[in-house]
Amino acid sequence: MLRACLTLSLFLFVSSWRTSSCSAELSLSAIFGDSMVLQRDKPIHFWGTTTPGFEVTVTIGDQSAKAKSDKSGRFDVELAPMPAGGPHEVTIAADETRILKDVLIGEVWLCSGQSNMQWAVASANDADLETLTANFPQLRLITVPNVGTQDPQSSFNGQWEACTPQSAAQFSAVGYFFGRQLHQTLNVPVGLIDNAWGGSSCEAWVKRDVLEADGSYGPLLKHWDDLAETFDHEAQLAAWKEKMAAWQADKKGQPPRQPQNVLAGQHRPANLYNGCLKPVIGYTMRGAIWYQGESNAGRAEQYGELFPLMIQSWRDEWKQGDLSFYWVQLADYMQENPVPSDSAWAELREAQTKTMSKLANTGEAVILNLGEASDIHPKNKQDVGKRLARWALAKDYGYEIPYHSPTFASMDVKDGRAILTFENVGGGLDTFDVQSPLGFTIAGEDKKFVKAVANVVDKSHVEVWSDEVKSPVAIRYAWADNPVCNLQSSDGLPVTPFRTDDWAGVTAGKVAP
């Protein structure tokens with residue numbers, strides 16, 4: 001009897017070992033699922049995990065591709081480019097077979113950033129009208145939930161859905177209005193990946209190794225490493241529970257706010273790279289749109305290097321060349337200041353603009369005329385989406401439409417007046433609301449700025465002067481948190497804020513929170 005029990009135990013052990021060591025369930029990121037959109041006209045990348053050394057076959061229609069999983073079980077399969085169309089079925093055959101249905105081929109864009117990208121259609125202008133008309137069966141949406149972690153994630157809790165009034169209501173408004181414009185213009189399926197987290201810092205979207213290798217972010221990383229050593233979320237929760245119990249006893253005043261675990265939040269370096277971005281890295285797409293910067297305004301000078309580093313690191317990991325990357329410049333916000341002064345938000349806008357000269361296939365949607373002084377979340381997301389769509393339609397799809405806001409090119413000073421030359425002026429420089437250009441300030445060698453008078457000379461030149469500054473050396477335009485400015489192209493695209501000087505700003509040298 002004892003011998004029989006030992007034999008049975010050995011059999012069960014060997015069977016269990018064979019099951020755990022020699023077999024593995026086919027695992028895919030949630031980005032691969034029913035109703036998804038695959039990128040047209042590019043090699044289509046599938047990945048996942050299965051039994052190590054197993055041959056995996058991916059089939060779409062009459063096209064198939066194969067690859068073997070490596071020692072860890074990871075497999076990568078690439079199919080040849082396909083034209084727009086569908087619906088198709090996708091079969092992924094490994095140690096088990098998965099069939100994905102209602103798959104379309106079209107255009108895919110990632111929508112990322114912080115709260116102004118996360119802001120839902122239901123909270124945008126005319127939300128009731130917008131949701132009533134949000135019936136687009138070939139516009140597909142998927143949202144990646146907010147997960148902050150130092151451990152790279154392979155998947156997430158989400159699924160693709162066709163655009164309906166219900167699914168659109170809680171989707172990114174900027175993403176939806178951008179994607180809707182593409183869908184209606186191109187007449188092909190469009191897939192949008194909503195991957196934004198309100199309040200997030202740029203460094204949270206960058207891989208830790210990338211920040212370490214750069215060498216410039218030591219103080220920033222040390223700040224968070226030191227915090228990780230001392231932060232005790234459990235102790236904070238315990239203290240909060242005691243305060244909550246006391247408050248519930250008499251219900252006087254406001255209840256104590258529950259403490260957040262900052263180590264699992266949206267500011268810690270690499271947290272959102274690991275928790276939100278990693279599960280979709282490699283999904284074949286056309287490009288990304290981005291709306292973020294408010295949380296980094298206090299370190300705007302640093303952002304001038306951090307933001308292009310983030311973009312390039314994404315491109316390096318996606319391995320699809322210089323993916324198109326278009327962002328929204330910060331809107332006007334906070335109270336208007338009647339006196340020329342320094343501005344962290346102006347410096348952040350400058351850092352965003354300079355990124356266009358550092359990286360190819362990038363672009364900036366200027367929205368200085370769409371903000372709200374008392375609300376960091378301006379509700380006019382329709383025009384924001386359209387300005388981003390102009391970049392994509394012109395640069396990626398070949399439409400001859402205005403897309404680039406006018407930009408400062410050069411300055412010449414003669415007889416106490418500065419003549420500014422602008423590029424990307426479209427049909428020519430113009431003003432909004434009043435005839436005279438507003439928003440210019442001027443300074444001499446003393447670096448003291450005063451309001452300036454300006455005049456549009458011709459389609460690409462503006463003359464600027466002040467009787468208070470006899471020998472001007474620097475001009476600034478729209479250099480404020482909430483600037484009063486009105487210069488634009490005749491196409492209605494606002495002139496990009498700028499300064500001609502390179503004097504140290506209020507965020508110079510700030511490298512950590």
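The values are calculated or read from the model by the stated rules, or taken from the named source; none is laboratory data. The shown structure was predicted, so the numbers you read here are calculated from the model rather than taken from an experiment. A quick note on method: Cβ atoms are made from the backbone with ideal geometry, for glycine too, and the neighbour counts reach across all protein chains shown. For accessibility, only protein heavy atoms count, side chains too; no ligands or nucleic acids. Shrake-Rupley method; radii C 1.70, N 1.55, O 1.52, S 1.80 Å.
Summary of computed values
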| item | result |
| --- | --- |
| Hits among lysines - C-alpha to C-alpha of LYS207 under 23 Å, sequence gap 8 or more where chains match | LYS222, LYS278, LYS319, LYS354, LYS358, LYS510 |
| Length added when fully stretched, ALA504-VAL339, from 0.36 nm per residue minus Cα-Cα | 57.5 nm |
| Relative packing of peptides 184-197, 347-360 - highest average C-beta neighbours within 10 Å first | 184-197, 347-360 |
| GLU305 versus GLN153: modelled label distance in nm, points set 7 Å from Cα along the beta carbon direction | 3.1 |
| ASP316-ALA238 pseudo-label distance in nm [points 7 Å out on the Cα-to-Cβ vector] | 4.3 |
| Inverse of mean 1/r across different Cα pairs in the chain, Kirkwood, Å | 25.5 |
| Net length gained if the chain between ALA122 and LYS358 were fully extended (0.36 nm per residue, minus Cα distance) | 81.3 nm |
| Residues of the stretch 261-313: accessible area per residue with a 1.4 Å probe, Å² | 20 |
| Calculated log₁₀ intensity ratio I(q)/I(0) where the Debye formula runs over C-alpha points of the stretch 419-487, q = 0.22, 0.24, 0.27 Å⁻¹ | -0.97, -1.10, -1.27 |
| Descending semi-axes in Å of the stretch 33-159, equivalent ellipsoid built from Cα gyration tensor | 31, 20, 12 |
| Proportion of all alpha-carbon pairs of the stretch 258-391 beyond 23 Å (%) | 41 |
| Cα→Cβ-extended label distance, 7 Å offset, between SER436 and SER72, nm | 6.5 |
| Long-range amide H partners of ALA409 with built H, under 5 Å | THR421, PHE422, GLU423 |
| Total formal charge among the other residues, if their Cβ is under 10 angstrom from that of GLY321, Lys/Arg +1 and Asp/Glu -1 | +2 |
| q = 0.12, 0.21, 0.22 Å⁻¹: log10 I(q)/I(0) that the Debye formula gives for the stretch 386-513, counting C-alpha atoms only | -0.51, -1.18, -1.25 |
| Distance from the stretch 65-94 to the stretch 217-288 (C-alpha centre basis), Å | 37 |
| Mean ellipticity per residue at 222 nm, deg cm²/dmol - from DSSP H runs of n ≥ 4 across the chain, formula -39500 (n - 2.57) | -8500 deg cm²/dmol |
| Sum of side-chain charges, VAL453 neighbourhood, beta-carbon under 12 Å (Lys, Arg +1; Asp, Glu -1) | -1 |
| Nearest-10 value in Å² for the accessible area of TRP290, using the 1.4 Å probe | 0 |
